1. Using each residue's phi in the stretch 80-90, evaluate 6.51 cos²θ - 1.76 cosθ + 1.60 at θ = phi - 60° and report the 3J(HN,Hα) Karplus result to the nearest Hz, with x for Gly and Pro.
2. Can you list the HN-Hα couplings for the stretch 113-129, worked out from phi with the Karplus curve (6.51, -1.76, 1.60; θ = phi - 60°), rounded to whole Hz and with x for Gly and Pro?
3. Using R₀ = 41 Å, calculate the FRET efficiency as 1/(1 + (r/R₀)^6) where r is the Cβ-Cβ separation of Lys146 and Glu77; round to 0.05.
4. With a/c under 1.5 counting as rounded, go ahead and sort the stretch 30-95 into rounded, prolate or oblate using the C-alpha gyration tensor (a ≥ b ≥ c being the square roots of the eigenvalues; past the cut-off, prolate if a/b is larger than b/c, else oblate).
5. PRE reach from Val31 (point 7 Å along Cα→Cβ): which of the stretch 106-142 fall under 15 Å by backbone N?
6. 5 Å is the cut-off here: which amide hydrogens, built 1.01 Å from N in the peptide plane, fall below it relative to Glu37, excluding neighbours closer than 5 in sequence?
7. Suppose R0 equals 41 Å. What FRET efficiency, 1/(1 + (r/R0)^6) with r the Cβ-Cβ distance, do Lys51 and Leu132 give to the nearest 0.05?
8. Would you calculate the separation in nanometres between label points at Lys157 and Ala42, each defined as 7 Å from the Cα along the Cα-to-beta-carbon direction?
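Please treat every number below as a calculation from the coordinates, not as lab data. Just so it is clear, the structure is predicted and the values come from calculations on it, not from any experiment. Glycine gets a Cβ as well: all are built from the backbone with ideal geometry, and neighbour counts include every protein chain shown.
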Amino acid sequence: MVSLYEKQTFLGYFLGKRPYFHHVNEFARSVWPMVREVKATANGFFFFEFKTLAAMEVIEGGPWLFNGQAIVLQKWEPGMVLRKLQHTQVPVWIKLRHLPVELWTSEGLSVVASGVGKPLYPDAITRACTRLDFARVCVMLDISAKLLKHIVIMVPKEDGSEVACKVDVEYEWLPPKCTTNVTVGPFYQDCPTTKPEKPYHSPSAILHGVRCLQPIRAVSIRHNRLTL
């Protein structure tokens, strides 16, 4: 009998509502060609069995999102307990609306997105600059911080003055969190302060001195990260 460990298996779970198994199975086989088999437990854990040692690249290539929802992956080891951890940072897709055309560069997108979280990578349409209604960028979001709904960019002009550009921020998905522990995890439903209320949005962030006047260039994606 071959153990899970010897089969190069990874344990995964989602931050938020558990998707249907067949959706996860299709997702895994489409983005990870080396997947041999996908299994699931009743309490929300998934086992992804890979064919070779190259499966280690799955962890290095993260973070991974399924329909905008983050999935946590870790290599299966003997004696591992099926337990969901608490998280203070999660990858989230954001939309930046009313972004000035002169900021549609890899540098500009990175600077603006950094007002929300750590920039990871843009989507393909944003990289190609074929949709100017909004820019879509994946960021590592600190859920202990207050969410921004606006970012004000102070763009320098040729005469040395600055012009204010207000960029609206939309979050495609946000994980549930306990307002007492300021974490995301399996104990959210048991949090005594959990209430069905609208999330609080902090005032706008203001970024100064952005110089991004060149057309957007091709962005190198290595391990699903934005390379400037």
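1. Karplus-based 3J(HN,Hα) across the stretch 80-90 equals 5, 8, 6, 9, 8, 8, 8, 10, 10, 10, 9 Hz.
2. Working through the residues one at a time gives 5, 5, x, 9, x, 7, x, 10, 6, x, 7, 5, 5, 5, 4, 7, 6 Hz.
3. Values: r = 37 Å, r/R0 = 0.90.
After rounding to 0.05, the efficiency reads 0.65.
4. Working: a/c = 1.66, a/b = 1.18, b/c = 1.40.
Cα axes put the stretch 30-95 in the oblate bin.
5. 120-124, 137-140
6. Excluding prolines and chain starts, which carry no amide H, the hits are Glu49.
7. On the way: r = 42 Å, r/R0 = 1.02.
After rounding, the FRET efficiency stands at 0.45.
8. My value for the distance between the label points is 6.7 nm.
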